[in-house]
Amino acid sequence: PANAPDATPPADADPACTPAPLELLVYGDFDLGPGHWDETSGGGFPVIVVQDEIDGADADSGTFLTWLGGYSQTGGAIDVFFQDVVVPADATPIAVTGKIRIATAETLGLAFDTLDLEVVNPTSGAVLEAVTSWSNLDASTGWVDVSANLTGSYAGQSIRLRWTGDYDSTQTTHFLLDTWSLSTTSCP
């Protein structure tokens with residue numbers, strides 16, 4: 001019939017493609033050590049550590065975890081921990097999930113020590129998206145699930161997933177991370 005819709009798929013459609021889950025982070029459980037991660041500690045300490053190095057804190061999975069903060073330094077300190085990833089051009093929305101555990105000696109009810117999770121341009125260092133943040137006020141007795149969907153459109157780009165800890169010079173706060181994922185779907 002003259003008014004029938006055109007059933008021909010667009011020329012750029014790939015009927016053989018079925019989007020599949022894709023993990024963008026390499027070793028998000030940290031259990032092979034710092035190999036694919038970059039870390040800088042204001043106190044000069046390693047960030048990815050074996051759980052035995054932290055009294056009373058077992059890893060969520062395996063034996064390694066990430067330990068930001070936990071030390072005092074005159075004038076305060078900053079720790080930075082990140083991984084650069086390439087997002088496929090056909091990627092659908094990206095989700096970040098993981099576990100965090102926070103222990104603190106702060107007692108005054110103010111946010112003296114903070115940890116920010118951001119998406120950053122790896123070339124310029126510009127923050128593209130503030131994903132979430134924590135402070136000593138979020139202290140917990142065990143692992144807490146974290147889940148967020150990135151709001152930016154990063155398909156076809158290189159991005160950096162970065163945690164930045166900023167601590168004052170008095171009471172300590174320990175930010176522990178484990179079992180992180182940055183996932184999307186893409187055609188294999």
Checking VAL120 against (1) at pLDDT 90 or above; (2) open to solvent by 30 Å² or more (accessible area, probe 1.4 Å), the condition it does not meet: (2)
Residues (acidic (Asp, Glu) and farther than 22 Å from TYR27 by Cβ) located in the range 42-84: ASP55
Residue tally, condition of a type outside the set (A, V, I, L, M, F, W, C), closer than 22 Å to ALA59 by Cβ and part of a strand (DSSP E or B), over the range 168-188: 6
Qualifying positions in the range 24-82 - acidic (Asp, Glu), assigned to a loop (DSSP other than H, G, I, E, B) and touching a strand residue (DSSP E or B) at 6+ places or on another chain (Cβ under 7 Å): ASP29, ASP31, ASP60
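Are any residues in the range 111-125 small (Gly, Ala, Ser) and either within 14 Å of PHE82 (Cα to Cα) or in contact with a helix residue (DSSP H, G or I) (Cβ under 9 Å, 6 or more places away or on another chain) (or both), and if so, which ones?
Result: ALA111, GLY125.
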ALA57 surrounded by fewer than 17 Cβ atoms within 10 Å (Cβ to Cβ) and either of a type in the set (A, V, I, L, M) or modelled with pLDDT of 90 or more (or both): no
Index of the failed condition, GLU129 passing every other in (1) over 19 Å from LEU65 (Cβ atoms); (2) over 14 Å from the mean Cα position of the chain (by Cα); (3) of a type in the set (Asp, Glu): (2)
Those residues of the range 142-167 which are outside any strand (DSSP E or B), in contact (Cβ under 8 Å) with a residue 40 or more places away in the chain and open to solvent by 30 Å² or more (accessible area, probe 1.4 Å), in sequence order: TRP143, ALA155, GLY156, GLN157
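From the list THR132, THR92, exactly one residue is open to solvent by 40 Å² or more (accessible area, probe 1.4 Å), in contact (Cβ under 8 Å) with a residue 24 or more places away in the chain and of a type in the set (Ser, Thr, Tyr). Which is it?
On the way: THR132 fails: in contact (Cβ under 8 Å) with a residue 24 or more places away in the chain.
It is THR92.
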Number of the condition not met by LYS99 [criteria: (1) closer than 29 Å to PRO19 by Cβ; (2) in a loop (DSSP other than H, G, I, E, B)]: (2)
Qualifying residue in the range 109-116 (condition: aliphatic (A, V, I, L, M), part of a loop (DSSP other than H, G, I, E, B) and within 17 Å of the chain's Cα centre (by Cα)): no
Complete set of residues in the range 117-140 that are in contact with an Asp or Glu (Cβ under 6 Å, 6 or more places away or on another chain) and part of a loop (DSSP other than H, G, I, E, B): PRO122
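The values are calculated or read from the model by the stated rules, or taken from the named source; none is laboratory data. Not measured: the values here are computed from a predicted model. Because the Cβ atoms are built from the backbone with ideal geometry, glycine has one as well, and the counts that use them run over all protein chains shown. When the accessible area is computed, the model is the full protein with side chains, heavy atoms only, and any ligands, DNA or RNA have been set aside. Shrake-Rupley method; radii C 1.70, N 1.55, O 1.52, S 1.80 Å.
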